[in-house]
Amino acid sequence: MSVKKPSPQWKKFQPPVQDPAILAIHQDPSLVNMNINADLQQMVPGFPRGGRETGLIDKKQHSYGFIQCCDRDARLFFHYSEYNGNVETLKIGEPVEFQMSFDRRTGKPVAVGVVKVDPSGLLPEILSEEKVQGTIVQEAKQLKQKNGTVPAAQDGLGRVTYVHNGECFFLPYGLDDVVGTSTAPKAGDDVLFQIATDKRDGKIRARNVESLESANQRYVGVVCSMKDTFGFIERADIVKEIFFHYSEFKGDISELILGDDVSFGVQIRNNKEVAVEIERLPEGTVIFEDIAVEPVRGKVLKTIKVSNRRPSEALAGRIMYETPKGLIEIPFGEKDQRGECTLLQGDTVEFQIATDRRDKLQRATNIALLEETFEYTGETRESGVVAVLKDGYGFIYCADRDARMFFHFSEFMDLTYSPRLQDELQFTVDQDASQPTRQVATRIKHLNKGSVSFINILPPVYIGTIDKEPSTHKNQGKNKDGEPGNIIYDYEGTIQQIPYYLKEVTDQNSVPHFGDKVEFQIGEAKSTNKKEAVKVKVVLRNIAGRCLGYIATLKENYGFIETADHEKEVFFHFSSFNGDTNDLELGDEVEYTLARKSSKVSAENIRKLNKLTISADEIVRDKGTLQGRIIRPMRIVNTEQEEYSGLVQAMDDDGNDVDEPYPYGITSLADKRDFLQKDDVVRFQVARAKKDGSLRAVNIGALRKFIRAKVDSVKGQ
């Protein structure tokens with residue numbers, strides 16, 4: 001068979017830019033009525049009167065191509081410079097619109113002003129609206145090529161006969177014209193088809209040939225895509241999706257959702273199969289595959305790369321597993337993993353084998369990562385506790401590094417696990433695919449409580465003394481454990497000190513206090529190598545360190561204690577009181593210990609005592625009840641003065657000072673809430689301290705002058 005070669009002159013072809021017709025198209029491709037070469041155009045058989053015509057790209061070469069006309073039997077040359085667009089995106093078979101002109105040198109017709117058009121309205125054939133019933137008299141066959149060519153005497157077309165107005169007609173058809181079935185119809189089969197008329201030469205043939213039985217057949221599938229007015233159904237009979245319009249659904253389209261099982265018929269419209277007469281089926285009716293019950297173990301050979309682009313292969317992953325016949329490789333897709341935990345090459349996994357009923361293709365599904373993987377892969381596993389939880393993600397406080405590691409809930413190996421704060425976890429650190437500079441925790445496993453340790457405990461046991469107690473309330477700053485305490489101990493003849501936290505005390509019901517002897521071990525943090533005392537336990541209490549006093553001041557969350565000798569006051573925080581602070585009142589007797597926190601001494605371990613536990617000073621009866629005036633209030637009244645106690649000066653009936661001033665404190669007041677000011681006139685008694693015999697004022701009561709008057713005016717509040 002001889003093959004016609006292109007004329008050598010086309011290789012040297014230069015576009016006739018001097019042709020006014022081409023120049024006009026270059027200036028405005030929308031021009032359709034051209035008078036240039038009008039006489040020549042009228043001589044071309046079948047040339048459209050409007051000037052513009054349509055065609056299909058038939059062939060593309062290095063710098064030129066050919067267009068097959070849709071409305072007449074002609075094939076026109078065009079140069080790429082005549083195409084209005086990127087010629088690289090132009091494909092064979094795509095519809096275009098163009099203007100016919102003539103090459104000035106050769107006189108041959110050429111296409112100019114080529115533009116791409118919408119393919120929906122451009123068909124080289126006219127299909128009959130109604131289907132025709134006929135009978136196959138000759139089967140269409142797939143031709144076998146010999147030496148790369150097909151014998152000229154063979155066309156591979158079949159023949160179908162039908163009767164019209166009493167006359168019998170025979171029409172050709174090819175295998176590409178068969179629809180609705182996976183096997184071609186046999187000779188003698190009754191079929192339905194459409195009659196196609198070629199607009200160029202008027203020849204007719206059969207298109208969309210369908211077996212009469214399959215034309216009335218119902219199919220089933222699952223709705224896999226839904227758009228504004230149409231969608232697609234994944235068919236259960238063949239591996240293919242079929243288009244459907246919402247108007248074909250028998251029911252309320254708003255009730256149809258993705259994943260619904262449906263039944264439908266198939267019709268040919270615009271040379272394409274579409275689903276019609278769609279009905280919803282009960283859930284679970286449509287089954288695409290059979291899943292084996294027995295789980296299988298294997299190793300991951302190839303993982304699915306995460307990419308924003310659509311994967312070119314639906315089942316891109318690969319798993320190797322062993323059978324009696326040897327090793328077998330099986331594919332898997334993105335949705336076949338149980339959860340979204342990161343899989344790596346070489347992982348040991350458990351899965352089930354799914355067999356597609358349509359094409360018998362097998363794949364791995366319900367894939368789960370096994371813990372034994374980490375024994376073979378040798379990857380570095382780290383541990384930590386959950387520090388922060390958000391919606392779908394959180395942060396882990398690492399035990400092996402000084403960092404908080406981001407994690408996503410999808411990385412948990414156990415799908416039933418729901419994370420909680422302070423839960424202990426084991427994980428692998430990997431680079432974040434979306435942010436290469438950030439590390440994330442992957443392949444996360446939940447551990448039993450007590451599995452994670454942030455410090456290495458050294459074996460030696462030491463004895464020391466509490467020099468400073470830790471804070472009993474947590475700090476809102478960076479140190480979540482609050483301010484540490486301090487232990488002084490002797491190490492090889494040198495006095496050393498080491499911090500400790502309240503959580504490291506072994507017996508929380510026997511917390512060590514200032515001056516107590518304790519035993520402890522030294523713990524070294526894995527992430528920072530910092531040392532602290534751990535397993536702290538009291539071995540000897542500092543009994544001599546207990547103090548007595550009276551509640552002198554109560555504020556919002558703190559107060560002051562007046563010492564038993566009434567000489568000074570000691571600060572305390574409500575958290576240091578062993579009980580309910582609402583039960584405390586001014587003048588209450590308390591027991592406490594002194595502790596140094598930061599640079600100040602404060603009262604700790606405060607316990608309320610019964611009244612008269614602290615022996616009261618003896619009243620000097622000889623002096624009786626005296627009258628005097630306040631010459632210096634207590635410091636709780638005047639916070640700027642240095643002295644804690646106040647002074648009261650006794651006076652005779654004439655108002656003259658008598659004796660030396662007497663000091664007084666909170667216990668000296670008859671009314672503990674009556675804070676006396678300077679120059680207030682008072683009545684009091686004198687008592688002698690048992691400790692040193694010093695005199696002080698007690699039972700002080702103010703002498704108020706009451707004035708009677710009338711309200712003159714009231715304004716506002």
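General observations
- Estimated at the nearest 10 Å², the accessible area of SER383 is 20 Å² with a 1.4 Å probe.
- Subset of LYS91/LYS360; LYS186/LYS360; LYS468/LYS526; LYS390/LYS531; LYS131/LYS272 violating a 23 Å alpha-carbon distance limit: LYS91/LYS360; LYS186/LYS360; LYS468/LYS526; LYS390/LYS531
- Cα extents for region 417-472 along the principal axes, largest to smallest and rounded to whole angstrom: 53, 28, 28.
- Close amide H pairs (under 5 Å, H built 1.01 Å from N) link VAL266 with VAL276, residues at least 5 positions away or on another chain.
- DSSP beta bridges in the chain [antiparallel fraction, %, rounded to 5]: 90
- Taking amide H atoms as placed 1.01 Å from N in the peptide plane, the amide H of ASP423 lies under 5 Å from those of VAL386, each 5 or more residues away in sequence or on another chain.
- Dipole check for the chain: with +1 at the C-beta of Lys and Arg, -1 at the C-beta of Asp and Glu, and the Cα centre as origin, the magnitude is about 1920 Debye.
- When the convex hull of its Cα atoms is projected in every direction, mean area for region 662-705 (nm²): 3.2
- Scattering from region 560-611 was approximated by placing one identical point on each alpha carbon and applying the Debye formula without solvent; log10 I(q)/I(0) at 0.17, 0.24 1/Å stands at -0.49, -0.97.
- Spatially, region 551-606 and region 48-106 are offset by 100 Å when compared through their Cα centroids.
- Averaging 1/r across all pairs of distinct Cα atoms in the chain and inverting the result yields a Kirkwood radius of 37.9 Å.
- Percent accessible area from carbon and sulfur atoms, the chain, protein chains only, probe 1.4 Å: 48
- The listed residues LYS108, LYS250, LYS325 rank as LYS325, LYS250, LYS108 when sorted by accessible area, largest first, using a 1.4 Å probe.
- Dividing the convex hull volume of the alpha-carbon atoms in region 548-696 by its residue count gives 123 Å³ per residue.
- The ellipsoid equivalent to the alpha-carbon distribution of region 485-625 has semi-axes of 37, 16, 13 angstrom, derived from the gyration tensor eigenvalues as √(5λ) and listed largest first.
- Where region 539-617 is the region considered: accessible area per residue in Å², 1.4 Å probe: 55
- Region 644-709 and region 242-274 have their alpha-carbon centroids 100 Å apart.
- Take 614-624, 339-349 and order them by the average number of nearby Cβ atoms within 10 Å per residue, most first; the result is 339-349, 614-624.
- Partners for LYS503 among aspartates and glutamates (Cα-Cα distance below 13 Å; same-chain residues under 8 apart left out): GLU469, ASP481, GLU483, GLU532
- Entry comment: accessible area of region 201-334 is 63 Å² per residue, from protein heavy atoms only and a probe of 1.4 Å.
- Values of log10 I(q)/I(0), in the order q = 0.17 Å⁻¹, for region 606-649 under a Debye, Cα-only, solvent-free model: -0.82
- With the gyration tensor restricted to C-alpha atoms of region 173-234, the semi-axes of the equivalent ellipsoid amount to 28, 19, 9 Å, longest first.
- Entries in LYS517/LYS555; LYS623/LYS691; LYS60/LYS302 that, when Cα-Cα distance is taken, lie over 29 Å: LYS517/LYS555; LYS60/LYS302
- A protection proxy built from the mean count of other Cβ atoms within 10 Å ranks the segments 163-169, 113-119, most packed first, as 113-119, 163-169.
The values are calculated or read from the model by the stated rules, or taken from the named source; none is laboratory data. Since the structure is predicted, the reported quantities are computational estimates derived from the model, not experimental observations. Cβ sites come from the backbone with ideal geometry, for glycine too, and all protein chains shown count toward neighbours. Note: accessible area is taken over every heavy atom of the protein model, side chains too, but ligands, DNA and RNA are not part of it. Shrake-Rupley method; radii C 1.70, N 1.55, O 1.52, S 1.80 Å.
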